[in-house]
Amino acid sequence: MTRWTSVLLCALSLLVATLSHAQQRADAGQGTQVAYPASDEGLQQQLQDLAAAAKSKDGAKQVTLVRSLIMPDDSTWFKDEFGPAFGPRLAAAYQRAETTLKDEIQTVYEGNAQRGWLRPRIFRYDDAAAADSPVDNWLNCMEKVAPLYRTAFDGNRTAYQMGRRPDDPSKYRIISGDLPGYYVHAGGAFRFIPQEVLFLLPRVRPIRIQLNWDIMKSKLTSGSPPLDSLETMQRLMQEHKPVYGKVVIHFVLDTNGKIKELSTVEGSPELSEPFLQAARQWRFEPTTLDSEPAEVEFDMQTGRQRNGKWE
C-alpha cells in the first residue's frame with residue numbers, strides 16, 4: 001500500500017465518521033429516543049427544544065419531541081409510583097387520554113412559538129407538606145415520592161389561552177400557554193400527564209399500619225384454608241423432592257381485608273410457591289384504626305423444618 005493510498009483511506013474513514021455522526025443527529029429528529037436529565041434544567045431544556053422546533057417549523061424534530069412527552073407503551077411508571085392499588089387505574093386512564101394528547105401538545109407549543117414563549121419557568125413539587133391541594137394528596141398517594149412539575153410560559157404562574165376549534169367553532173381548545181397537567185421524569189425523559197388522570201386518585205390515601213402475624217392469624221375468616229393444611233403439604237411432597245428451609249411471606253391487605261400485594265421475602269421459589277398458592281386464597285377481617293378503615297402489612301414466617309431446625 002502506497003503512502004497516498006493510506007492518506008486516501010484515512011480521508012475516506014474521516015468522511016464516513018462525519019457523515020455517520022451527522023446521520024445520528026438527523027435521526028434524533030426522526031424518532032429516536034430523546035434523553036434529558038431528571039432536573040429542573042432538564043425539563044426546561046426539553047420544553048425549550050420543543051418550542052424551538054415549533055418556531056423553526058422543523059417538523060421531524062417536532063414530532064420526535066412531542067412523542068418524547070408521551071409515556072412509552074411499556075412504561076410501568078404508574079404502577080411503580082402509585083402501587084398496584086392505584087397504578088393500573090391511572091395507566092388505563094392515561095391510555096384513553098393519549099389518543100388526543102399528541103395533537104394537544106403540538107397545538108399548544110406551536111401557539112407558544114408564535115407568541116415567542118420559548119423558555120418556561122419551572123415549578124417543582126416534591127414535598128407534600130409544602131404543596132397545596134390537590135398536589136399534596138397526589139404526592140402522599142405515591143409509594144415513593146417522585147417530583148411533579150408544572151410550567152409558566154407567560155409570566156410567573158401557570159395559565160393557558162383558549163381558542164375556537166377549527167373543526168367545530170362552537171367548541172374551544174387550549175391554543176397556548178401551559179398544558180393542564182404535570183410533567184414527570186420516566187424512562188430518561190420528561191413525560192406529560194393530564195391532570196384529569198391524577199384526579200382519579202382518592203382524596204385521602206388509606207392509612208396503612210403494620211401488625212404481626214399472631215394478630216392477623218386471628219383475623220382469618222372462617223372460609224380461608226390454613227397454610228399448613230394437609231392438602232398443601234401433600235402437594236409439596238408430590239410435586240417436589242423433600243425441601244427444607246424457612247419461608248417469609250409479605251402481605252399487604254386493602255381496607256376490605258383482601259390481599260393487595262403478596263411476595264416472598266425469604267425462601268427459594270421451589271419451597272415458597274406452594275405456600276404462596278395457599279396464601280392467595282386467604283381473606284381477613286377488615287382492620288380499623290381509630291374507627292377509620294386501614295390497610296395492613298405484615299410478614300408471616302413458615303416453611304419446613306428438619307429435626308426442629310431450619311436448613
Problem - Search result, residues across the stretch 120-136 that are touching a residue at least 60 places away in the same chain (Cβ under 8 Å) and either surrounded by 15 or more Cβ atoms within 10 Å (Cβ to Cβ) or not assigned by TED's automatic domain parsing to the domain that holds residue 46 (or both) - result: 120, 122
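Has the stretch 78-100 got at least one residue that is among the acidic types (Asp, Glu) and more than 26 Å from residue 48 (Cα to Cα)?
Yes, some residue in the stretch 78-100 is among the acidic types (Asp, Glu) and more than 26 Å from residue 48 (Cα to Cα).
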Exercise for the section: With respect to residue 271, determine if the residue is more than 30 Å from residue 204 (Cβ to Cβ), at pLDDT 75 or above, among the aliphatic types (A, V, I, L, M) and buried (at least 16 other Cβ atoms within 10 Å of the Cβ). Expected result: yes
Exercise for the section: Being out of contact with any Lys or Arg (no Cβ under 6 Å at 6 or more places or on another chain), assigned by TED's automatic domain parsing to the domain that holds residue 176, basic (Lys, Arg) and over 18 Å from residue 182 (Cα atoms) narrows it down to one of 102, 55, 79, so name that one. Expected result: 55
Handout entry: Yes/no for residue 151 being among the polar types (S, T, N, Q), at pLDDT below 90 and either touching a helix residue (DSSP H, G or I) at 6+ places or on another chain (Cβ under 9 Å) or surrounded by fewer than 16 Cβ atoms within 10 Å (Cβ to Cβ) (or both)
Key = no
Handout entry: Subset of the stretch 90-115 [buried (at least 16 other Cβ atoms within 10 Å of the Cβ) and within 23 Å of residue 261 (Cβ to Cβ)]
Key = 90, 91, 93, 94
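Mind checking whether some residue in the stretch 201-216 is at pLDDT 85 or above and in contact with a helix residue (DSSP H, G or I) (Cβ under 9 Å, 6 or more places away or on another chain)? Spell out the reasoning first.
Looking only at the stretch 201-216, we keep the residues that are at pLDDT 85 or above, and these are 201, 209-216.
From what's left, in contact with a helix residue (DSSP H, G or I) (Cβ under 9 Å, 6 or more places away or on another chain): 201.
Looking for residues that are at pLDDT 85 or above and in contact with a helix residue (DSSP H, G or I) (Cβ under 9 Å, 6 or more places away or on another chain), one finds at least one in the stretch 201-216, hence yes.
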Handout entry: Test for residue 94: is it outside any helix (DSSP H, G or I) and either of a type in the set (S, T, N, Q) or at pLDDT 95 or above (or both)
Key = no
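I'd like to know if the stretch 293-311 contains one or more residues that are within 31 Å of the chain's Cα centre (by Cα) and at pLDDT below 85. Walk me through how you get there before you give the answer.
Initially, the stretch 293-311 is screened for residues within 31 Å of the chain's Cα centre (by Cα), giving 293-300.
Going one step further and asking which of them are at pLDDT below 85, we end up with 293.
Yes, because at least one residue in the stretch 293-311 is within 31 Å of the chain's Cα centre (by Cα) and at pLDDT below 85.
The values are calculated or read from the model by the stated rules, or taken from the named source; none is laboratory data. Predicted, not measured: the structure shown is a model, and the values here were computed from it. Positions of Cβ are backbone-derived with ideal geometry, glycine not excepted, and every protein chain shown enters the neighbour counts.
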